[in-house]
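Novice: Could you have a look at this structure, given as structure tokens, before my questions?
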Amino acid sequence: MNHPVLEVMETIVLLSPADEPWRRIGRFDDMSWHPAIAGLEMLDGAASDAGARRRLTTADGGQLVECLVEHDMAGRTYRYRMETSPLPLTDYDSTISVEALAKGGCRVCWRSTFRGLEGTGLDDEAVRAIVAGIYRAGLDALPTAS
């Protein structure tokens, strides 16, 4: 059975100007703002160049390899794909962006599409909940990240 394409989008509105959270989350070579990430190693490429690859190590020892698809510093957005992961999913494609709001402050958006992985015993909603939880933990840490 081929799992359908799933989508997750989590957002947070912050009172700070858009450049402030972008300085923290806009670098592909830095995930120190996310509480679940214990380490990051660049495998190849410059951090803002398409094709750059990073290896993330989670607090529980899991490792993920991700590849940067595009990075737009001026537009405050980047898109990446997951190459390997302990997560029960495949075909993962994600975008992180920061948008200035007309009334002040900004909106940070983390969204992705992916498919659940066969043989995990998890249904699509459970896989979606895992990804949403990861995004929520990172976004909720932003107001206090330094």
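Novice: Please list, ordered by chain and number, the residues whose modelled amide H lies under 5 Å from the amide H of Leu89; skip anything fewer than 5 residues away on the same chain.
Specialist: Sorted by chain and number, the residues that satisfy this are Leu117.
Novice: May I pose another question? Compute a Gaussian network model of the chain, connecting alpha carbons closer than 10 Å, and tell me which residue from Leu64, Leu15, Leu40 fluctuates the most.
Specialist: Of Leu64, Leu15, Leu40, the most mobile in the Gaussian network model is Leu15.
Novice: List the trypsin sites (Lys or Arg not before Pro) in region 74-122 that DSSP assigns to loop (not H, G, I, E or B) and whose Cβ has at most 11 other Cβ atoms within 10 Å. Which are they? Intermediate results must be reported in sequence, preceding the final value.
Specialist: Values: sites: Arg76, Arg79, Arg81, Lys103, Arg107, Arg111, Arg115; in loops: Arg76, Lys103.
Qualifying residues, ordered by number: Lys103.
Novice: Whole angstrom only: what separates the Cα centroid of region 67-101 from the Cα centroid of region 104-120?
Specialist: 9 Å
Novice: How large is ³J(HN,Hα), in whole Hz, for each residue of region 87-100 in order, when computed from phi with the Karplus curve 6.51 cos²θ - 1.76 cosθ + 1.60 and θ = phi - 60°, using x for Gly and Pro?
Specialist: Couplings: 6, x, 8, 9, 6, 7, 9, 9, 9, 10, 8, 10, 10, 5 Hz.
Novice: Which chymotrypsin sites (Phe, Trp or Tyr not before Pro) in region 87-142 sit in a loop by DSSP (not H, G, I, E or B) and have at most 15 other Cβ atoms within 10 Å of their own Cβ?
Specialist: none
Novice: Now for a different question. Using the Kirkwood formula on the Cα atoms of region 30-137, what hydrodynamic radius do you get, in angstrom to one decimal?
Specialist: 14.9 Å
Novice: Roughly how tilted is helix 124-141, in degrees to the nearest 10 and between 0 and 90, from the longest Cα axis of the chain?
Specialist: 30 degrees
Novice: Please rank Cys106, Cys67, fewest neighbouring Cβ atoms within 10 Å first, as an exposure proxy.
Specialist: Cys67, Cys106
Novice: Still on this structure, I have one more. Can you put Val65, Val98 in order, fewest other beta carbons within 10 Å first?
Specialist: If I rank by nearby Cβ atoms, fewest first, I get Val65, Val98.
No value in this document is a laboratory result; all are computed from the given coordinates. Note that the structure is a prediction, hence the values are computed from the model and not measured. Neighbour counts are summed over all protein chains in view; Cβ atoms, including those assigned to glycine, are modelled from backbone coordinates with ideal geometry.
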